[in-house]
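One structure below.
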Amino acid sequence: MRLKRREFLIAGGLAAGGVLLSPRVAFARTSSGAKSRFVFIILRGALDGLASAPPYGDPAYAAKRGSLALGRPGSDGGVLALDSLFGLHPSLSFMHQAYTARELILFHAVASPYRQRSHFDGQNVLETGYPLPHAVQTGWLNRALAAIPSRLAPEQERGVSIAPTAPLVMQGPASVTSWSTSHLAPLDEDTLQRIADLYAHDPLLSKKLAEAMAAQAIVEGMPSQARTAGSEDPMMSDPAMMNAPRDPGGARHPPLLAKRGKPGDQYAAVVRAAARFLRREDGPQVAVFDTTGWDTHFNEGGAKGQLAGRLVTLDRALGLLKAELGPVWRETAVLLATEFGRTVAENGTQGTDHGTATAAYLLGGAVRGGRVVADWPGLSDRALYQDRDLRPTLDLRSIIKGVLGEHLRVPARALESTVFPGSAAARPLTGLMAA
Amino acid sequence: MEVMRPSLTSAIAANRFGLGARPGDLAAIGDSGPDWLHSQLTGGAPALAGLQSTAQILQQVYSVRRQIHAARLAAQSHPASGAADPAQLRHLARSLPRLLRPIYRAEAGARFHAAVVSERPFIERLVWFWSNHFAVSIDKGILAGIAGSFEREAIRPHVLGNFNDMLLATERHPAMLIYLDNQMSMGPHSRAARNIERRHPGRRVGINENLGRETLELHTVSVEGGYTQADVTSFSEGLTGWSIAGPQAWRFGGEPGTFQFRAAMHEPGAKVVMGRRYPEAGYEQGVSVLRDLARHPSTAHFLATKLARHFIADDPPAAAVQRMARAFSDSGGDLPSVYRALIDSPEAWTQPLAKYKSPSDYIVSTFRGLGLTVNARKAPVGLFYLLGQPIWRPGSPAGWPDKTADWNGASELLKRIEWADALGQRVGPRRDARELAPQLLAGILGDETRESIARAESGAQAVTLLLASPEFMRR
């Protein structure tokens, strides 16, 4: 009942807004004829690619990594081998299965064009897709969506950020929405309509409200678990801490708080929400979300420890994404990328400092996987970049352009002109997607 | 009867420079917003009472860690004794969060209370601004226990002082040393490193460059300041030995949980940072680098830009930035001089709704606007989390961003409105939004919002509409 009224409201009241329920969808399609889906997961903080994808077969690996080196494949806590040179961190068991099932490509010695070591500038380049930081205020993924030829109405949302506010990579001219879990009670329709009217002369707020209602319409039908599993943070999820302000003499109200999720499933609610959007034939075809905590300056750990724990969480989230997408997984490609890598050697506090090249991962049922794509520079003293970092030999933009072109059918011209300007030298990789 | 209409500058002063008008504020400010702001600059920033020092908190942390360690040892050496009871060990493992959580809540409560009741809200906003400039984040280690004391000890006392003092106080505070991993950073040629190498051949010892890099990039000259990797390394070596006194410090005449310079960990020798040579001087070497960074022209420009972005517009007008940077340099980093240049910038008074409120702004201004009572021991920390800006938890040393696009997410907007709606239902019957709106937004309030409030179907809905209005979403 509520859903119906909301759709009415969306269609009737919010002229600037996105009407999601258009039957005439025209998205890029995979070879099977189904709509392609793309998920971009940002690993913020500079993932140590030499830990998440150890080049255990490199002759210098064990010596250079010192106490961070992982054991040989087959040993207790050892590397999960991909081939004779590369492996995966033992925490990444789902990703290893995906590799075996030919659904994962590991890219190594990857870097964006950014060569300094600031997280914030590095992430800016990672997200804007421009060679220099702070060149523009839009993201490559949004500009790619804007460039896909389609018969969609311009206000139809093509992408969704599972976050309160779209990350920079998703900001730009194409219509996108964002969604995140809420513990608050929904508004009644009359109040909502009045606020929509109040925003009629405010282009920014009316657009955002319309996007929010459109996203809400998709999520309304979600299983209760996904809707309510919000914060698992022990510092934040205490119901007593959620108390809304009490007015002197105020009446008692039901608590505004919903249930807690299981610890360790940090991204479960996010992944379920992303899947919920992507499963729909008439929903967005691209989803983005963030993960954090990869800035391992201190006590990074090896097979166990801080980074290992984060990798387990990530790996579980990816496994859950596959399960939640169901049959749509076949049409899906998931790209995981970070702003830069970390020093080859351990620093003075059992961690690693900011570096240069790192690993990236592409997985999904639409990926021609089971391969490592790397022009391996080696870890010998001579091979290192500025005597400390893994030398970049593969431009991250080549990977992204390959995926956008083959999977989302972004025209080659647009990839060079608007999506990644100044990237001609980074030619798109070909053959990344399953035929 | 003649009704005195508060001028536009009072609304801008209260909402943009302050933390949101309370009923009666605009009339009290009268027709001179700038004067009201200038008057707040005299005297120090008010202290928050009844809270523990960082050292007191860290001493409890040390004590809990000792208990955990002892219990684990006992469990290992006598597995048959009751010491290895899994439930007991689990209980023990939670003892650190049990210690830190009430401290966090008390600190956040005191800070929030101060903001909501402040008569000098410009100063409280500046505390929040600088605390965010020197951001630490409670998602790391024991920061939940000391993020609040960090702000009280290293930020608040210097908000109306000199930037150089604030810089030194923050970089040597235990919270920053822990957050940016400096407390174990060791010079590769230091005495401590040589000892370790002798005793554990092959073990790697060396610097951790996190604090050095972020001090340059985020706290002083900024990423455009022109430093190189060599400067980062050299500065980080200069900061080796900047650490925290451990639980045994009493024996050496120190107080556990306070700053300690560990000469044995300090990298000996001269350092060159951004073209200047700093001879070996132990602790004073790092202090000298910080002093030069504090008065570097790039620092003046960077800080002026951030302040102008916070108080004037997302893309701050160059003239105002220049004026503030000059005030910074001419006064040798005297912050009130910079604030005076800001207040006297005409650009700050022209566009009343140039800034989209951050979630913190939105929450605090709502509490002030509705006159809601606050329990000083218990901040609504979950609410900050829900609306997207958990207290002292920006998640990165860059702190929270400060532009419209960073906060205007669709989902975030809907949550604000939903919260406004819940509040409207709660307080609506006892508030008349028709009277309240001009008291909070005089000179800014548009006809659409005024009419929408007047036509609301209930008092509750009228409050919701006021809080959700485009005027109240901005400052």
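The values are calculated or read from the model by the stated rules, or taken from the named source; none is laboratory data. All values derive from a computational prediction rather than experimental measurement. With ideal geometry, Cβ positions are generated from the backbone for all residues, glycine too; neighbour counts draw on all protein chains shown. Protein only, heavy atoms only, side chains kept; ligands, DNA and RNA dropped before computing areas. Shrake-Rupley method; radii C 1.70, N 1.55, O 1.52, S 1.80 Å.
Determine whether region A:339-347 contains at least one residue that is farther than 21 Å from A:ALA69 by Cα and in contact with a strand residue (DSSP E or B) (Cβ under 7 Å, 6 or more places away or on another chain). Within region A:339-347, not a single residue is farther than 21 Å from A:ALA69 by Cα and in contact with a strand residue (DSSP E or B) (Cβ under 7 Å, 6 or more places away or on another chain). Give the residues of region A:395-417 that are open to solvent by 40 Å² or more (accessible area, probe 1.4 Å), out of contact with any helix residue (DSSP H, G or I) (no Cβ under 7 Å at 6 or more places or on another chain) and of a type outside the set (Lys, Arg), sorted by residue number. Selection gives A:GLU406, A:GLU416, A:SER417.
Scan region A:108-153 residue by residue and report those that are more than 26 Å from B:ASP231 (Cα to Cα), small (Gly, Ala, Ser) and part of a helix (DSSP H, G or I). Within region A:108-153, A:ALA144, A:ALA146, A:ALA147 meet the criteria.
So that you can scan it fast, the table gives a plain yes or no per residue for (1) farther than 26 Å from A:VAL176 by Cα; (2) at pLDDT 85 or above; (3) surrounded by 21 or more Cβ atoms within 10 Å (Cβ to Cβ):
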| residue | (1), (2), (3) |
| --- | --- |
| A:LEU257 | yes, no, yes |
| A:ARG260 | yes, no, no |
| A:PRO263 | yes, no, no |
| A:TYR267 | no, yes, yes |
| A:ALA273 | no, yes, yes |
| A:LEU278 | no, yes, yes |
| A:GLY283 | no, yes, yes |
| A:VAL288 | no, yes, yes |
| A:TRP294 | yes, yes, yes |
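The strands (runs of 3 or more DSSP E) falling completely within region B:259-345 that include 1 or more residues that are hydrophobic (A, V, I, L, M, F, W, C) map to B:259-261, B:271-273. Among residues of region B:45-61 that are farther than 17 Å from B:THR170 by Cβ, those with a beta-carbon under 8 Å from a residue that is part of a loop (DSSP other than H, G, I, E, B) and among the aliphatic types (A, V, I, L, M) at least six positions away or on a different chain give the pairs B:VAL61/B:ILE142.
Condition check ((1) open to solvent by less than 10 Å² (accessible area, probe 1.4 Å); (2) within 14 Å of another protein chain (Cβ to nearest Cβ); (3) over 27 Å from the mean Cα position of the chain (by Cα)) across all residues:
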{"residue": "B:TYR227", "(1), (2), (3)": "no, yes, no"}
{"residue": "B:VAL232", "(1), (2), (3)": "yes, yes, no"}
{"residue": "B:LEU239", "(1), (2), (3)": "yes, yes, no"}
{"residue": "B:SER243", "(1), (2), (3)": "yes, yes, no"}
{"residue": "B:GLN248", "(1), (2), (3)": "no, no, yes"}
{"residue": "B:GLY254", "(1), (2), (3)": "no, no, yes"}
{"residue": "B:PHE259", "(1), (2), (3)": "no, no, no"}
{"residue": "B:ALA263", "(1), (2), (3)": "no, no, yes"}
{"residue": "B:PRO268", "(1), (2), (3)": "no, no, yes"}
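Please go through region A:187-215 and pick out each residue that is more than 7 Å from every other protein chain (Cβ to nearest Cβ) and over 21 Å from B:ILE453 (Cβ atoms). Answer for region A:187-215, where residues must be more than 7 Å from every other protein chain (Cβ to nearest Cβ) and over 21 Å from B:ILE453 (Cβ atoms): A:PRO203, A:LYS207, A:ALA210, A:MET213, A:ALA214. Apart from one condition, B:SER137 fits all of (1) touching a residue at least 60 places away in the same chain (Cβ under 8 Å); (2) away from every other protein chain (no Cβ under 14 Å); the exception is (2). Please work out if B:LEU440 is open to solvent by less than 20 Å² (accessible area, probe 1.4 Å), modelled with pLDDT of 95 or more and more than 8 Å from chain A (Cβ to nearest Cβ). When the stated conditions are applied, B:LEU440 passes them. The conditions of being at pLDDT 95 or above and closer than 27 Å to A:GLY293 by Cα are met by B:GLU214.
So B:VAL287 clears everything in (1) in contact with a Gly (Cβ under 6 Å, 6 or more places away or on another chain); (2) surrounded by 16 or more Cβ atoms within 10 Å (Cβ to Cβ) except one condition, right? Which one? Among (1) in contact with a Gly (Cβ under 6 Å, 6 or more places away or on another chain); (2) surrounded by 16 or more Cβ atoms within 10 Å (Cβ to Cβ), B:VAL287 violates only (1). In region A:359-373, the condition of being over 29 Å from A:ARG276 (Cβ atoms) and within 14 Å of chain B (Cβ to nearest Cβ) is met by no residue. Looking at this structure, is A:TYR99 in a helix (DSSP H, G or I) and open to solvent by 10 Å² or more (accessible area, probe 1.4 Å)? Yes, satisfied. Taking the criterion of being crowded, with 22+ Cβ neighbours inside 10 Å, under 30 Å from B:ASN210 (Cβ atoms) and in contact with a helix residue (DSSP H, G or I) (Cβ under 6 Å, 6 or more places away or on another chain), would at least one residue in region B:374-381 satisfy it? Yes, region B:374-381 has at least one match. Could you please let me know if B:TRP349 is in contact (Cβ under 8 Å) with a residue 24 or more places away in the chain and either touching a Cys at 6+ places or on another chain (Cβ under 6 Å) or at the interface with chain A (Cβ under 10 Å from one of its Cβ atoms) (or both)? Considered against the rule, which asks whether it is in contact (Cβ under 8 Å) with a residue 24 or more places away in the chain and either touching a Cys at 6+ places or on another chain (Cβ under 6 Å) or at the interface with chain A (Cβ under 10 Å from one of its Cβ atoms) (or both), B:TRP349 comes out as no.
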